[in-house]
Every structure is written in structure tokens, then in C-alpha cells.
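The values are calculated or read from the model by the stated rules, or taken from the named source; none is laboratory data. Everything numeric in this text was worked out from a predicted model, so none of it was measured. Here the Cβ positions follow ideal geometry from the backbone for every residue, glycine too, while neighbour counts run over all protein chains shown. The protein model used for the area step is the full one, side chains on, heavy atoms only, and it has no ligands, DNA or RNA in it. Shrake-Rupley method; radii C 1.70, N 1.55, O 1.52, S 1.80 Å.
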Amino acid sequence: MSTDPKQVDAKPVSLRKLGLVGVVGLCAAGAIVVTGIMARAKTDSELRSWTEAQAIPSVAVANADPRALNATLDLPGRLEAYTRAPIFARVSGYLKEWSADIGAQVKAGQVIAEIEAPDLDQQLLQARADLASQQSSARLSEATLTRRKSLVASNFVSAQEIDERSADLANKKAAVNSGTANVERLEALAGYKKITVPFDGVVTQRNTDVGALISGGTGTGLAMFVISDIRKLRVYVDVPQSYVPAIRIGAKAIISVPDYPNRTFPATVEASSQSVDVGSGTTRMQLVLDNPKGELMPGGYANVKMSLIRDSAPLHIPAGALIFSKDGLRVATVTADDRILFKPVTIARDLGRDIEIGSGIAPDDRIVTAPPDGLNDGDQVRVSNTAKDTKPATASEKQDVKG
């Protein structure tokens, strides 16, 4: 049997082709597997990175606003008469009559009531009688001494008797002086039976009536009358200690009262107590207010708007930036490397949406405007804006928005 050489050579060639195709297939399959593994690894890495990024909280920040949002300080005050005199009785008795009721305009020296004091009248009569007796005794003693002295030359009386008579006359004159002083005292006291007005003003209280028993000289209980000079008024305001240096003596203020809702009245800071009340932490200040027409009433409530004078503008932050915790009052700030740093602060004034900070932060601090729960010192955060983006609007901008 003969063999064809061409057929013998074709078999190895076919085997070599099949082997080459197999190797190429294996390489392609390996490449596909490696590519899939790498793609999955990349996807896992991206997912891990995205998850970690999502775990970092995003916060909005704003710089503390150094503008004086309100250059005035509104505080409640109390109106008082510039001069006020409670009138108490000096003598005891019964009220005989009165002639000035509440609201009456009175003048200095005007008699507005009279007290009937029979006991005092009798004491005065007795004192005058005693004085007359003492004066008579003194005159008799003086006459006797004069006669005795005329007999000294004849040796009818001794020097001892003259000395005794002289001493007796001195005693009688002293008794006369004492009686005179007693009479004058009772006469002065009797003058207080008429109640007079110490200065021009208005009767703002009357707490007695005809026939009322008057207990004089005590100065306790209700006054019979209260006279007030309301041509000028004093306005008393309790100012928080932190604002006292910003209010100067002579500074102007604006007064508003419920009686006149559409009007204001100018006042001037006149005096300060120069002390801080331990209970309230405030300093009492006194303002003076002209009231020539008597429109404002003493004892009334007033709202006092005082201008503040400061060396530097106070810092303001949004109210939502404050954090109340066991560590006290704090704000969360963001450092240059986007990490949280808590700072303790003190509040100078609560303005509603804005808080005026007394201490604790600087103008360039980046304040977290709405800190999420669970933040701790050193936590990494993502700043979702710039401080400039959330800076509070200026007064003109606010006005534009309102318009």
C-alpha cells in the first residue's frame, strides 16, 4: 500500500494550527478574566471611596458678622416724678378738713388740710400758764434781791443772804427760759396742724378724709398726701453690666410709652449708680425727661432706647449656631484642614435670629451655622459653601428685600 507524502505533511500542520488557536483562546480568556477582576476591584474601590466620602458630614459655615446690627439698646424703664414728697402729719388728732384732691395743681405754701388737735391745744395753754407763773416768780425774786442789796450798807442783811437771793433769781430766770422754750416748741408744733405744700406740683395721692384719726410724728404707713413735681421726670433703667461702658453720661435716649403709641420723647442720661446689683447683675441709670405739659405720668412704664458707644463692632452669629451641652454654651468652628474645633462663648445679647457674642470667637473664625448631632472635636467635615456665601445681609440689602 502506497502512502501519499502530501497527506502525511498536512497532519502536523493542522495540529500546529489547532494548538496555536488553543493558546490564543486561553490568552483571550485569561485577559477577559483579569479585566473583569480589575474592573470589579476598581468598582469596589470607588464604592468604598464614595461610602467613606458620604460618611463625612457636610456643613455650611459663615464668618462672625462684625457689623453692629443694632446700635441701640432697648430696655424697660420706670417714670418717676423729678421731685416727690410724701406728706405725713407732725401732730396727732383728727382731720378737720382738706381742700386739694388728687390731680389738683398746688403751689408752695398752700394749705391743703387742717388737723384738729385738742390735746395739743391744752398742752399749749398749760405751758403758757406755767411760763406766766415762772415769770412772776422771777420778777418777785429780782425785786427782793434789789431791796436786800439796798440794805447792805446798813449791815441789815448779810452777804450770805445776798448770794442766796442772787442764786434764787438765776434759778427763776432759767425756769423762765425753759418755759419760754417749751411754749415756743408747742406753738411750732401747733403750726403743723395746717398741712402745707412744700413746692409747686400735683397731688398724686390722698389717703385720708375728714374725721380720720391722725397719728403724728411716726412717718410710717400711708402718707396723707403725696405731692409730685412732674414738670420734669426721672426715668430709671436697669442696664446689664456688659453694656454699662457703652452708655455715657449725657448720652441721648428715646422714650416711648403705651399712652402715646405714635410719639417719642427725648431724654438724657443724667446719672449712674456706679454699682452692680448682685441679684440682677445690672446697674441702675437715671435719665431726665422734660414734661412741661404734664403729658407723661409718674409711675408709668416706658420703653427706653439708648444709643451705644463702642470702640469696636460686636460680633454676631446665627442663633442656630449655638450648641447647648453639659460643657456649656459653645459654637463649632472649622479649622484650616476642615476639622471641627469647639469654642466656648458668652452671649452679650439675644437679638432673635442673631446672637451678639460677648467673647470666645474671632472675626475670621468659620462658624458652623447649623451643626449636626454627634460632632466631636477633631472630626473631619466637608464644607459645602464658603464663609462669604452665608455672610448675613447688610442693612441696605435687607431694606431692598423688604422693598
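Some observations on this one:
- R0 of 22 Å, Cβ-Cβ distance E295-T83: FRET efficiency to nearest 0.05: 0.75
- Stretch gain in nm, segment L213-A108, where the contour uses 0.36 nm per residue and the Cα spacing is subtracted: 35.2 nm
- Applying a DSSP loop filter and a limit of 16 other Cβ atoms within 10 Å to the chymotrypsin sites (Phe, Trp or Tyr not before Pro) in the range 89-177 leaves F156.
- Over 19 Å between alpha carbons, listed pairs K193/K232; K173/K193; K96/K194; K232/K252: K193/K232; K173/K193
- Neighbourhood net charge (13 Å Cβ-Cβ; Lys/Arg +1, Asp/Glu -1) for Q122: -3
- Per residue, the range 173-252 exposes 51 Å² of solvent-accessible protein surface, assessed with a 1.4 angstrom probe and all protein chains in place.
- Charge tally for R349 (other residues, Cβ to Cβ under 11 Å; Lys, Arg +1; Asp, Glu -1): -4.
- T72 - accessible surface, heavy atoms, 1.4 Å probe, Å² rounded to 10: 30 Å²
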